[in-house]
Amino acid sequence: MTLREQLLEMAEPAYRDFTMPLMPGVEHVIGIRVPKLRLLAREIVRGDWRSYLDTAEDLYFEERLLQGLVIGLAKCDPAEKLRRVARFVPKIDNWALCDLFCWRLKAAEREPMWRFIRPYFRSGHEFELRFAAAMGLSNFVDAEHLDALLAHLDACRHEGYYARMGVAWALSVCYVKFPERTAEYLHRSSLDDWTYDKALQKIVESRRVSADDKTMIRSLKRRR
């Protein structure tokens with residue numbers, strides 16, 4: 001049985017019908033729950049995962065997601081992993097593939113990945129920029145990287161909905177973890193109005209933000 005045949009046997013049509021409307025523009029979806037794909041990725045990583053990645057097919061959403069999960073789990077040096085990431089990023093064409101691909105980095109991966117993602121904040125491709133924002137919020141909202149991360153997010157200029165929402169999401173995480181420093185940034189932000197307002201909205205929607213802080217954040221909405 002080929003891997004594609006194995007994936008097709010795992011299909012849940014009702015789950016496919018539920019998920020497809022959540023991923024606009026994605027046509028080829030089998031309908032496999034993510035935990036099952038994670039289990040399969042772990043199985044692949046225990047074998048010849050390099051050969052798998054070198055020959056993997058891309059037709060279905062789940063085929064591409066499985067590749068991303070394998071890359072995140074693979075045990076190799078950071079340089080090799082980043083080569084795999086660089087080949088994978090152009091395959092990202094929807095928010096779910098992007099966000100599920102972004103994993104929590106191991107210590108040895110952190111600084112190489114930080115250097116790697118910085119150019120993507122200036123990308124003209126919607127999901128490359130979202131990849132940088134998602135990887136940033138997952139791994140680099142810390143005291144060491146916060147100011148640089150805020151600067152990179154502030155410099156993002158893209159009209160794509162998912163790119164701008166990725167920036168807003170990242171800023172909300174920054175506020176939750178570093179409210180004072182992020183609020184200071186928001187006072188001088190040069191983001192476009194739509195992204196700025198979405199960032200405020202995401203902060204206000206967070207259950208980890210106090211009522212008083214939410215009132216203050218609402219007061220920052222730009223008057224136009």
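The values are calculated or read from the model by the stated rules, or taken from the named source; none is laboratory data. As the structure is a computational prediction, the values presented were derived from the model and not from experiment. Neighbour counts are summed over all protein chains in view; Cβ atoms, including those assigned to glycine, are modelled from backbone coordinates with ideal geometry.
The listed residues are Glu43, Glu80, Glu27, and the only one of them that is farther than 28 Å from Arg110 by Cα and of a type in the set (D, E, K, R) turns out to be Glu27. Residue pairs whose Cβ atoms lie under 7 Å apart, sitting 6 or more positions apart in sequence or on different chains, and linking a residue in segment 184-196 that is closer than 12 Å to Ala168 by Cβ to a partner that is in a helix (DSSP H, G or I), are Ser189/Asp154; Ser189/Tyr196; Leu191/Asp154; Trp194/Arg164; Thr195/Arg164; Thr195/Val167; Thr195/Ala168.
Taken over segment 136-148, the criterion of being farther than 9 Å from Trp114 by Cβ and crowded, with 17+ Cβ neighbours inside 10 Å is satisfied by Leu137, Val141, Leu146.
Please indicate, with yes or no, whether at least one residue in segment 132-141 is at negative phi and not in a helix (DSSP H, G or I).
Scanning segment 132-141 turns up at least one residue that is at negative phi and not in a helix (DSSP H, G or I).
Taking the listed residues Ala211, Ala199, Ala183, the one that is at negative phi and either hydroxyl-bearing (Ser, Thr, Tyr) or surrounded by fewer than 13 Cβ atoms within 10 Å (Cβ to Cβ) (or both) is Ala211, with no other qualifying.
Within the bounds of segment 40-57, is there any residue that is of a type in the set (A, V, I, L, M), outside the structural domain of Asn139 (by TED's automatic domain parsing) and exposed (fewer than 15 other Cβ atoms within 10 Å of the Cβ)? Looking through segment 40-57, none of the residues is of a type in the set (A, V, I, L, M), outside the structural domain of Asn139 (by TED's automatic domain parsing) and exposed (fewer than 15 other Cβ atoms within 10 Å of the Cβ).
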